[in-house]
Amino acid sequence: MKFANIIVDISLEKLDRTFQYRIPEELQDILKEGMQVRVPFGNGGRILTGYVLELTDNCEWDEGKLKPILGLAEKGIRLEGQLIALAAWMRRTYGSTMNQALKTVLPVKKSVQEKISREVRLAVPREEAEAVLAEMERKHQTARVRILKALLEQASLDYAEAQKALGLTAATARKLTELGLIRIESDTIFRNPIRPSEVQAHPFALYPAQQAIVDDVAARAAAGDLRPSLIHGVTGSGKTEVYMELIASVLEQGKEAIVLIPEIALTFQTVLRFYRRFGDQVSIIHSKLSAGERYDQFERARRGGVKVMIGPRSALFTPFSHLGVIVIDEEHEGSYKSENAPRYHAREAAVERARMCGAFVVLGSATPSVDSYERAREGVYQLYELPLRIENRAMPETEVVDLREELRMGNRSVFSARLKELMEERLRKGGQIMLFLNRRGYAGFVSCRACGHVIKCPHCDVSLSLHHGGRMVCHYCGYQTQAPKKCPSCGSVYIGAFRAGTQQVAEAAAKAFPGARILRMDFDTTRQKGGHERILEAFSRKQADILVGTQMIVKGHDFPGVTLVGVLAADLSLYAGDYRAAERTFQLLVQAAGRAGRGDTPGVAVIQTYSPDHYSIETAAAQDYQAFFEKEMAFRRMMNYPPAAHLMALYLMSEDEEALNRGAERLKVLAAAHTRKEIVLIGPSDPGLSKLKDIYRKVLYLKCTEIAYLTEWKEWLEAELPKEKLLSTFNIQFDMDPVNPF
Ligand SMILES: Nc1ncnc2c1ncn2[C@@H]1O[C@H](COP(=O)(O)OP(=O)(O)OP(=O)(O)O)[C@@H](O)[C@H]1O
Ligand SMILES: [Zn+2]
Ligand SMILES: [Zn+2]
């Protein structure tokens, strides 16, 4: 490469200001993204240090006028440089502007003044304050007197409150501070969002199966084998204890740890365990922190005040300079994939970051993603299995109920006879019940309630989604057809859209079990802040007998009182219309079943479905991950879906529907002219949400076994787009190996 784009200021919101320099001969083979270099700046002969953002052969200016890079500022790549290199990797792999990628990895202190709560406290003993107070009263220094009097009454004052209620001015505050009488503490800055609870004196001694993993990871690390580890351990097999032991050994070496979890609110119990084990060295980042608070947490980490950072995917960018390990719990979760450009996968980005700094990555799940398990089978990851629960506690029993039979017997309620019978029994004995509606996606699918037949796309083998006017659409290739009036398989007229909501379920439960106390947890009831916690707490305090909810109720919670879990319609996630639907269904069902019987009484999970023969339901009921994986991988191979191949989506968005349609067609023509023969072009089609907030959306897919061909194509298109008048007006985003339906 001949040129380098350099950024000289990463401290402010000027990330998009890059400057181009010529790469001198002696740096040609050495220069890498993220390196710090010395460059001449402006005309005054100033020399600044900057970071290399991009290496390129495209000269953006007059080549003759470009100045050369003077030399390297440092030999290695420092922390900031590593994060910048990570941003460059994300931009290349997932597609975005460099500015978007940099903003993702380097949270910049916003220029807007953050709300900081400050506290005013006495800085001297009471007697001294009282003595001074008398003196001030004599001198009629009323403003100071008011403040001191208030501080003698209460230990601390909120600064903003004191301004309003006591007329505290900046001048008074300054004077009192100078006199050494008060202290103003900005408490939220660098404060831990959770108060550290008491630290666990003695961690558990690990069981041999757990210890074996810890030892092997350590031995491999010592031998320089830093391949990521994948721990496949059933729910309650002791994975979290393994993570904590690995982290403890990393901390002993003076290094730091990042722990990614899907969502703090849903995994709070796990977070508390880390606090008990590592005390105040732990801090968290969660989605409700403001940009400034998040920055403060990162700042604490940078200064060494935090050694273990826990949080959702953005915690991956914690600026630790001696990062030793990145743990990703529940690694199969869809929330690890970003929904904004760059649409990175935290798992992939973690592996990349770890590679740069010599850290190791530990992934864990009871239901690993097909992608990770396939990698482990290929030897890219090292696989560890924990097939048993701690102390050999029993796995829940599962029963599958065929809803087609129910219809044949004339039962049209949401509860099968078997589920109803078990519910009655549990309620009589005072047990708790969870009813789970695995709703997913937006558009319904069309199925036959008599035989379970689901209408699928003849080209893509995913279910068609019902849109307005009885039109059924494939979200991949755009195939359309009219919804049938009769089942093409059995001729029944009980064919139609499949819809169900938590509210209807809660109402049905109230009618079927008068007197039962019912709680509902879904998007509506948790919209308010703290809504989650309130509902979960009420349920764990046994203030309700039945909890009805969507997938948010199946994650991570321990409710020892729950002895029955009912999955009302497994089909809802199974026919979500995307190639990961079977995988997601398997994961949800296994997790839902895992909620039953956490206490001493063994639990039962009832799975109601119209497709009892579908492999993801059969294998989930048998809690047989291996069998599921084999079937699913065969499907992915046959259809060339990830991880058998790579799938790159192009999302097109515009307010103008007609222009968007024309643009999508134009893009297809353009793409077809340039794609290698190895790349298969699919679409354009309407995604699951074809209109969102008045913005129309289209999607085009490219499938290929070589990811490099797809990235190459993406780079080509990115260069091409500005030249295309029609296309340049749209918002176009790339998504490599999409996880969540668009
Ligand atoms: N070595 C040990 N000695 C005693 N108790 C243990 C040990 N390891 C784990 N436990 C306990 O067993 C239970 C399950 O362990 P843990 O939560 O680590 O499993 P997990 O696989 O992470 O579970 P999940 O998948 O549900 O998150 C916990 O209550 C934990 O405290
Ligand atoms: Zn039928
Ligand atoms: Zn199709």
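The values are calculated or read from the model by the stated rules, or taken from the named source; none is laboratory data. Predicted model only: the values in this text are computed from it and were never measured. So basically every Cβ, Gly included, is an ideal-geometry build from the backbone, and we count neighbours across all protein chains shown. Surface accessibility is based on the protein's heavy atoms, side chains included, excluding ligands, DNA and RNA. Shrake-Rupley method; radii C 1.70, N 1.55, O 1.52, S 1.80 Å.
Per residue, the accessible area of the chain comes to 45 Å², computed with a 1.4 Å probe over protein heavy atoms only. Within the set of other residues whose C-beta is less than 12 Å from the C-beta of Tyr709, count the net charge using Lys and Arg as +1 and Asp and Glu as -1. Counting the neighbours of Tyr709, the net charge comes to 0. A protection proxy built from the mean count of other Cβ atoms within 10 Å ranks the segments 731-741, 582-592, 282-292, 671-681, most packed first, as 582-592, 731-741, 282-292, 671-681. A straight chain from Trp61 to Ala483 at 0.36 nm per residue would run longer than the Cα-Cα distance by 146.2 nm. Is the shape of the chain best called rounded, prolate or oblate, per the rule: a/c under 1.5 gives rounded, else a/b larger than b/c gives prolate, else oblate, with a ≥ b ≥ c the square roots of the Cα gyration tensor eigenvalues? Oblate, since a/c reaches 1.5 and b/c is not below a/b. The alpha carbon gyration tensor of the range 658-742 gives principal lengths a ≥ b ≥ c with a/c of 1.5 or higher and a/b no greater than b/c, which makes the shape oblate. Taking 4.7 Å between beta carbons as the limit, the unpaired Cys residues of the chain are Cys59, Cys357, Cys477, Cys704.
Accessible area ranking (1.4 Å probe, heavy atoms, ligands and nucleic acids excluded), largest first, for Ile518, Ile84: Ile518, Ile84.
Amide H contacts for Leu383 (H built 1.01 Å from N in the peptide plane; partners 5 or more residues away or on another chain; cut-off under 5 Å): Leu230.
With the convex hull drawn over the C-alpha atoms of the range 545-622, the volume per residue is 85 Å³.
Using C-alpha pairs under 8 Å with a sequence gap of at least 6, the mean separation divided by the residue count of the chain gives a relative contact order of 11 percent.
Computed from the Kirkwood radius of its Cα pairs, the Stokes-Einstein diffusion coefficient for the range 534-688 at 10 °C and 1.306 mPa s stands at 85 µm²/s. Among the GluC sites (Glu not before Pro) in the range 315-370, those located in a DSSP loop and surrounded by at most 16 other Cβ atoms within 10 Å of their own Cβ are Glu339. Solvent-accessible area of the chain (1.4 angstrom probe, protein heavy atoms only): carbon and sulfur portion equals 50 percent. The sum of -39500 (n - 2.57) across all DSSP H runs of n ≥ 4, divided by the residue count of the chain, sets its helix-only mean residue ellipticity at 222 nm to -10500 deg cm²/dmol.
Straight-distance candidates among the lysines for linking to Lys631, with alpha-carbon spacing under 27 Å and chain neighbours fewer than 8 residues away dropped: Lys239, Lys337, Lys456, Lys555, Lys703.
Straight-line cross-link reach from Lys110 at under 12 Å between alpha-carbon atoms covers these aspartates and glutamates, not counting any fewer than eight positions away in the same chain: Glu13, Glu293, Asp296. Taking 0.36 nm per residue of sequence separation and removing the Cα-Cα distance, the Gln504/Lys723 pair yields an extension gain of 73.6 nm.
Full extension of the chain between Ala417 and Val680 gives 89.9 nm of extra length, using 0.36 nm per residue less the Cα-Cα distance. For the set Lys2/Lys32; Lys485/Lys691; Lys691/Lys725; Lys67/Lys714; Lys420/Lys511; Lys2/Lys67, the pairs lying more than 18 angstrom apart at their alpha carbons are Lys485/Lys691; Lys691/Lys725; Lys67/Lys714.
Within the range 387-449, which chymotrypsin sites (Phe, Trp or Tyr not before Pro) sit in a loop by DSSP and count at most 16 neighbouring Cβ atoms inside 10 Å? Here the sparse-neighbourhood loop sites are Tyr442.
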